[in-house]
1. Determine whether segment 1-14 contains at least one residue that is acidic (D, E), out of contact with any helix residue (DSSP H, G or I) (no Cβ under 6 Å at 6 or more places or on another chain) and surrounded by fewer than 13 Cβ atoms within 10 Å (Cβ to Cβ).
2. Please count how many residues of segment 102-126 are modelled with pLDDT under 85, in a helix (DSSP H, G or I) and surrounded by 17 or more Cβ atoms within 10 Å (Cβ to Cβ).
3. Would you call V80 part of a helix (DSSP H, G or I), in contact with a helix residue (DSSP H, G or I) (Cβ under 9 Å, 6 or more places away or on another chain), at pLDDT 90 or above and surrounded by 14 or more Cβ atoms within 10 Å (Cβ to Cβ)?
4. Can you tell me which condition E17 does not meet? The list is (1) more than 23 Å from V80 (Cα to Cα); (2) in a helix (DSSP H, G or I), and all the others hold.
5. Which pairs turn up if I take residues in segment 60-83 that are under 26 Å from M106 (Cα atoms) and look for partners that are surrounded by 12 or more Cβ atoms within 10 Å (Cβ to Cβ) and charged (D, E, K, R) with beta carbon separation below 7 Å, at least 6 apart in sequence or on another chain?
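The values are calculated or read from the model by the stated rules, or taken from the named source; none is laboratory data. Treat the numbers as computed from the prediction; the structure is a model and nothing was measured. Here the Cβ positions follow ideal geometry from the backbone for every residue, glycine too, while neighbour counts run over all protein chains shown.
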Amino acid sequence: MSDRRIRVLALSPIPEEGAGCRFRIAHYIPYLEQHGFDVTLKTLFTTEFFRFVYKPGHLARKSAVFAGLAVRHLWALHRVPQYDVLFIYRELLPVGPALVEWLLSMPGCPPIVFDFDDAIFLPSVSEANRRAIVPAFRQFRAAAIARRRGIAETTGRLVHPPRLSAV
């Protein structure tokens, strides 16, 4: 048995101030680190942007800041080969097709653990931004990601074949 620690890159669109990241990732980091895992958490939104993005107005500024944050988030992926496992909460980017997730599922990349919560099937648009953003329906993204990783979607539920495990 090896004493080598398992390196995990945890990716979340929202920072720890968001309940999803806090309760689905950050909450478990101390426990995982005590049990042989080194967890690095990278988030798309900064704390400041997370607080700002849900306020009405300022659409040009929100778009510019989002674009910069997306580039920063994607740049962090150049270190993916250094990790043993990727943990993705929901998606890497809340807009557009699941292209990056698809690329990360290619042979040679670390295995991916996806954490889809119930909100994955709801549009990802707040009231403050409803007029400016065309809703990106996550169910299509989730289905695309699941198909690429060998998971089948049936009637709104993700079903896994025997060779995969679900937690």
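1. Yes, that holds for at least one residue.
2. 1
3. yes
4. Going through (1) more than 23 Å from V80 (Cα to Cα); (2) in a helix (DSSP H, G or I) one by one, E17 breaks only (2).
5. H73/K42; A76/K42; Q82/R7; Y83/R7
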